[in-house]
1. From the list Leu176, Leu170, Leu187, exactly one residue is surrounded by fewer than 12 Cβ atoms within 10 Å (Cβ to Cβ) and modelled with pLDDT under 95. Which is it?
2. Which residue is farthest from Tyr20 (Cα to Cα), if the candidates are limited to the stretch 118-163 and must be polar (S, T, N, Q), touching a Lys or Arg at 6+ places or on another chain (Cβ under 8 Å) and in contact (Cβ under 8 Å) with a residue 60 or more places away in the chain?
3. Please list, ordered by first then second residue, the pairs with beta carbon atoms under 8 Å, 6 or more apart or interchain, first in the stretch 18-47 and closer than 22 Å to Ser162 by Cα, second open to solvent by 90 Å² or more (accessible area, probe 1.4 Å) and part of a helix (DSSP H, G or I).
4. Looking at the stretch 111-135 only, could you name the residues that are open to solvent by less than 10 Å² (accessible area, probe 1.4 Å) and of a type in the set (Ser, Thr, Tyr)?
5. From the set of residues in the stretch 202-225 that are in contact with a helix residue (DSSP H, G or I) (Cβ under 7 Å, 6 or more places away or on another chain) and either β-branched (Val, Ile, Thr) or modelled with pLDDT under 90 (or both), which is most open to solvent (accessible area, probe 1.4 Å)?
Amino acid sequence: MKLFEKIAAQLLEQINTGRYGVGAELPPEGQLQKDYNVSRTTVRKAIDRLVDQNMVVRKKGVGLFVAPTLSTQNILEMTGIIKPYIYPNHKKVIKEAYLRQAGAYYSQLLKIKPAELIYYISFLEVAKNSITKEIFVLPLNNFPDFQISIIKVLSTLEIINSGKKKVDKLEQDLQLIVANSELAKQLRIQINDPLFKISNHYFDTNSEPIALEYKFASNTKYVVDFT
């Protein structure tokens, strides 16, 4: 077995045994080169092998990530009503990411106690001609090993499925609202401009809530399909 094959095998074992979970960020190639005391070419060949095996995703300028087990097609099949035409190479910019108490509102939606902790994460998905704001509300108990880095590499459904529970049902709501000052600034529009607000409520096989997701977009590539 060649040296790069041994390195690829060791990294694959670490992925399979859970040291690096789905969507987890791997050490950069420069760090792997030092860890294994090999050339950059050897590390690159090892990573290339894992990429070819669909075990690792290389995001240029971002890093190396354990590949998701689901695809964007799963999202299209589940949502039914709102379907994205395509997913170009968007840049995701994290705006807020912190733990907080659920409070009365989110505790009711997620069926947890008000004092339980939730991740509140907001980010902008910036494309060439559009900006979308997204918010995730994730109960800590369902996502004890959550890493912010997976936002940059996984799709929404893959992120929700990275926790203890798996998605079985999705409730979705579409509203037409107007932009407040914060949304106007972030989406580069005018205050009171019309916006689409898309609310997604994810449930497991027992109809227990898993997570909440909100999207705000003015120039969206979504269509409404009532058939």
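The values are calculated or read from the model by the stated rules, or taken from the named source; none is laboratory data. Please read all numbers here as calculations on a predicted model, not as lab measurements. As a convention, Cβ positions derive from the backbone with ideal geometry for all residues, glycine included, and neighbour counts pool all protein chains shown. When the accessible area is computed, the model is the full protein with side chains, heavy atoms only, and any ligands, DNA or RNA have been set aside. Shrake-Rupley method; radii C 1.70, N 1.55, O 1.52, S 1.80 Å.
1. Leu176
2. It comes out as Ser130.
3. What qualifies is Pro27/Asp35.
4. Selection gives Ser122 alone.
5. Ser218
Yes or no, residue by residue, for (1) open to solvent by less than 60 Å² (accessible area, probe 1.4 Å); (2) out of contact with any strand residue (DSSP E or B) (no Cβ under 6 Å at 6 or more places or on another chain); (3) of a type in the set (S, T, N, Q):
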site	(1), (2), (3)
Val137	yes, no, no
Ile150	yes, yes, no
Ser155	yes, yes, yes
Ser162	yes, yes, yes
